[in-house]
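Just below is one structure, and these are the notes that go with it.
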Amino acid sequence: MSARQYDAIVVGARCAGSPTAMLLARRGYEVLLVDRATFPSDTISTHLVHPPGVAALRRWGLLDRLLATGCPPIHTYVFDFGPFTLAGAPGTAEEPLAYAPRRTVLDEILVDAASKAGAEVRQEFTVDEILMEGARVVGIRGHGPGKLPVTERARVVVGADGLRSLVARAVNAEQYNEKAPLLAAYYTYWSGLPMDGCFVDWVLPNRGMAAWPTHDDLTLVIVGWPFAELSARRNDVESNYLAVVEQVPAFAERVRAARREERFAGMPVPNYFRRPYGPGWALVGDAGYNKDFITAQGISDAFRDAELCATALDESFSGTHAFEDAMGRYQSTRDRHVLSMYEFTAELATLQPPPPELEQVLAAAQGNPEAMDGFARTAAGVISPAEYFSEANVARILGMAQASGKRAGGGLRA
């Protein structure tokens, strides 16, 4: 048993946990970061970092290290709806690009940054129990490779341990705004399938498919079906995957000429918010909030939550604000920021065709660089769906289409 008292113990060292530990350690706090994995290691992930996430890496001084690994930039998002296609820039002048680093690369960078900031990092450490004194979390009990039990205590235990968070279960964290799994998707990696700096999404009848470049000249291609079809599809993922690819003949021809380099991976996920704090505990990343991966927001969300949570804990530890007040602002800021994207993501994850009103707006955006950039930035989380689809912006898009002479037969409904 250790006699040391940490300011924070962070359980989980991937995209939410390592940044939280790093930011707290940079503020001078005593931080223990633990994970059952060793790094580098892979995990199921779309691993697309939209421009807001890239901006976080830049703020933290880690973007140059990522770029040094040869991760290819993504400068254009393309959305093929069949009758019309939108292609736009996902970022801003300050942060124009997205990247899709393999998690074997990104997570190791983040863990190393936490260690260099002064956090104590224990890899291959399994947390067996969250320690409670009454209703308050006071530490963890777990073991490393040697299997000897270890107890550590802290002012706050931060759960960054994903969908099945042990911390969230131990404190019975309240869930709200829940939605059942909506989509089942699988992905793999292909060589000989260049994307030329583009993320491409195909909206198909009751199906979805997307592709984007990653490390080592590989392209991630993901396909999806409604969750209700999972049991019928999971026994032969490869055939069902390729059947979706064949719905886009030009791309299917390119895939047939390419080479699959890895096994298929995927899983359905639930949609929920969890109360992210309580006496002696906090949640970040997927442990506190999750939505379907069709909009690939998870890493950017984790980075944002890490900054919000670390700031709130700093305010509490320093005595600037009471714990309840600081963490309450963390929760309200998080929820306010993501709610519109949460609902937009859930709508997309049904794989239903856009309602007529939405289709009209999207068709009107075709050929309008400003409107197409706006949609790409919405998908990237740069602007909120509520802003893009606001009454004023929709009227502007429709008005510009009408002024340019678009008629119903040219993509805009009468």
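Any residue at all in segment 273-286 that is surrounded by fewer than 15 Cβ atoms within 10 Å (Cβ to Cβ), in contact (Cβ under 8 Å) with a residue 12 or more places away in the chain and farther than 13 Å from Arg164 by Cα?
Kept after step one, since they are surrounded by fewer than 15 Cβ atoms within 10 Å (Cβ to Cβ), are these residues of segment 273-286: none.
No, every residue in segment 273-286 fails to be surrounded by fewer than 15 Cβ atoms within 10 Å (Cβ to Cβ), in contact (Cβ under 8 Å) with a residue 12 or more places away in the chain and farther than 13 Å from Arg164 by Cα.
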| Counting just the residues of segment 1-14 that are in contact (Cβ under 8 Å) with a residue 12 or more places away in the chain and in a loop (DSSP other than H, G, I, E, B), which one comes out nearest to Asp161 (Cα to Cα)? | Gly12
| message | I want to confirm something. Restricting to segment 115-149 and keeping residues that are in contact with a Ser or Thr (Cβ under 7 Å, 6 or more places away or on another chain) and part of a loop (DSSP other than H, G, I, E, B), which single residue is farthest from Met327 (Cα to Cα)? | response | Glu124
| message | Tally up the residues in segment 44-75 that are within 22 Å of Ala365 (Cα to Cα) and either surrounded by fewer than 19 Cβ atoms within 10 Å (Cβ to Cβ) or of a type in the set (Phe, Trp, Tyr) (or both), please. | response | 1
| field | Checking Asp107 against (1) open to solvent by less than 30 Å² (accessible area, probe 1.4 Å); (2) more than 23 Å from Met22 (Cα to Cα), the condition it does not meet | value | (2)
| said: Please count how many residues of segment 309-323 are small (Gly, Ala, Ser) and either under 15 Å from Ser18 (Cβ atoms) or buried (at least 23 other Cβ atoms within 10 Å of the Cβ) (or both). | reply: 2
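Within the group Ala401, Ala326, which residue is in a helix (DSSP H, G or I), modelled with pLDDT under 95 and open to solvent by less than 20 Å² (accessible area, probe 1.4 Å)?
Going through Ala401, Ala326 in turn, the sole match is Ala401.
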| task | Kindly provide the set of residues from segment 251-271 that are surrounded by 15 or more Cβ atoms within 10 Å (Cβ to Cβ) and in a strand (DSSP E or B), ordered by number. | result | Arg260, Ala265, Gly266, Asn271
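Can you tell me which of Ala395, Ala306 is open to solvent by less than 70 Å² (accessible area, probe 1.4 Å), of a type outside the set (Asp, Glu) and more than 18 Å from the chain's Cα centre (by Cα)?
Numbers: Ala306 fails: more than 18 Å from the chain's Cα centre (by Cα).
When all the criteria are applied, what remains is Ala395.
The values are calculated or read from the model by the stated rules, or taken from the named source; none is laboratory data. The shown structure was predicted, so the numbers you read here are calculated from the model rather than taken from an experiment. Ideal geometry is used to build each Cβ from the backbone, glycine not excepted, and the neighbour counts take in all protein chains shown. Side chains included, ligands, DNA and RNA excluded: accessible areas come from the protein's heavy atoms. Shrake-Rupley method; radii C 1.70, N 1.55, O 1.52, S 1.80 Å.
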